[in-house]
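Here is the structure we will look at.
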Amino acid sequence: MQGFILKITRAKNEDLIVNILTKKHLYTLYRFYGARHSILNLGYKIDFEIEYSTKAYLPRLRNITHLGYSWLFESQRVILWQQFIQRFFEHLKDLYELDEFYFDILNKSATIWGEQNPKRVAIEKYTTILKKEGRLHRDLNCFICQQKIEKNLSLTRGFLPSHSECIHSDILPRKGIEYLFDENSTLFLEDIYVDKLWNIIMQGF
């Protein structure tokens, strides 16, 4: 089966505990001497097998093949990808069975990560996640004062809308945010605002 490595934790000696997102599950697997294998890296997409044993606390990760992307040779894109992956894992870590929507989001993101601005890809996919989970506040009512936001729009963690004066944050362009929320596109957002939205995502999903 195929999956994305969302987290790697060192165990005893050179063994690793690896969290892998597949289409329907978030697995926690054990890999003996995994630290010796560069194929096990945060954010990598792999093909693998699972070996179950009644004697082991965790199932074992076996027969791993790296399914690479050309952008993995670009260090800045890799850093951004791994940061995005870390937020992704924090959001899903308490789950075992999942809708394949989450795997598909990462798969689509990885496919275009090397062709577009990675921060824009992350923002657009994150907005898609918020929509799927019913957490996107498209009405643009301030979550602090509960009033309609007519001007001075800001966003905070989870892309919650507010008046900038209510949370003492930077003003964002209303047209660009409305288009992002409606069309999942950063087309009308300049790079300076893309950076601000990326920083919000880095606070957590």
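Looking at the range 75-163, the helices (runs of 4 or more DSSP H) lying wholly inside it that each contain 3 or more residues that are among the hydrophobic types (A, V, I, L, M, F, W, C) and over 23 Å from E190 (Cβ atoms) sit at 75-92, 101-112.
Just the residues that are more than 25 Å from E97 (Cα to Cα) and open to solvent by less than 40 Å² (accessible area, probe 1.4 Å), please, taken from the range 40-71. Full working, then the answer.
Filtering the range 40-71 for residues more than 25 Å from E97 (Cα to Cα) gives 68-71.
Hit for the range 40-71 is W71, nothing else.
Being at pLDDT 95 or above, surrounded by 16 or more Cβ atoms within 10 Å (Cβ to Cβ) and out of contact with any Lys or Arg (no Cβ under 6 Å at 6 or more places or on another chain) is the filter here; which residues of the range 143-157 pass it? Hits for the range 143-157 are S154, L155. If the condition is being polar (S, T, N, Q) and part of a strand (DSSP E or B), then the range 1-42 contributes Q2, T9, N19, T28.
Within the range 116-142, residues that are among the aromatic types (F, W, Y) have Cβ atoms under 8 Å from residues that are modelled with pLDDT of 95 or more in these pairs: Y126/F159; Y126/I201, counting only partners at least 6 apart in sequence or on another chain.
Scanning the range 166-201 for residues that are closer than 13 Å to K119 by Cβ and open to solvent by less than 80 Å² (accessible area, probe 1.4 Å) yields L180, T186, L189, Y193, V194, D195, K196, L197, W198, I200, I201.
Going by what's in this entry, would G204 be described as open to solvent by less than 40 Å² (accessible area, probe 1.4 Å), within 22 Å of Q82 (Cβ to Cβ) and not β-branched (V, I, T)? Spelling it out, G204 is indeed open to solvent by less than 40 Å² (accessible area, probe 1.4 Å), within 22 Å of Q82 (Cβ to Cβ) and not β-branched (V, I, T).
Give the number of residues within the range 72-93 that are of a type in the set (D, E, K, R) and either open to solvent by 80 Å² or more (accessible area, probe 1.4 Å) or at pLDDT below 95 (or both).
To start, the set of residues in the range 72-93 that are of a type in the set (D, E, K, R) comprises 74, 77, 87, 90, 93.
Now narrow it down to the ones that are either open to solvent by 80 Å² or more (accessible area, probe 1.4 Å) or at pLDDT below 95 (or both): 74, 90, 93.
Of the residues in that region, 3 qualify.
When L130 is tested against (1) among the aliphatic types (A, V, I, L, M); (2) farther than 27 Å from L80 by Cβ; (3) open to solvent by less than 80 Å² (accessible area, probe 1.4 Å), just one condition goes unmet, and that condition is (2).
The values are calculated or read from the model by the stated rules, or taken from the named source; none is laboratory data. The model shown is predicted, which means the values in this text are computed figures rather than measured ones. Cβ: placed from backbone, ideal geometry, glycine included. Neighbour counts: every protein chain shown. Heavy atoms of the whole protein, side chains included, go into the accessibility calculation; ligands, DNA and RNA do not. Shrake-Rupley method; radii C 1.70, N 1.55, O 1.52, S 1.80 Å.
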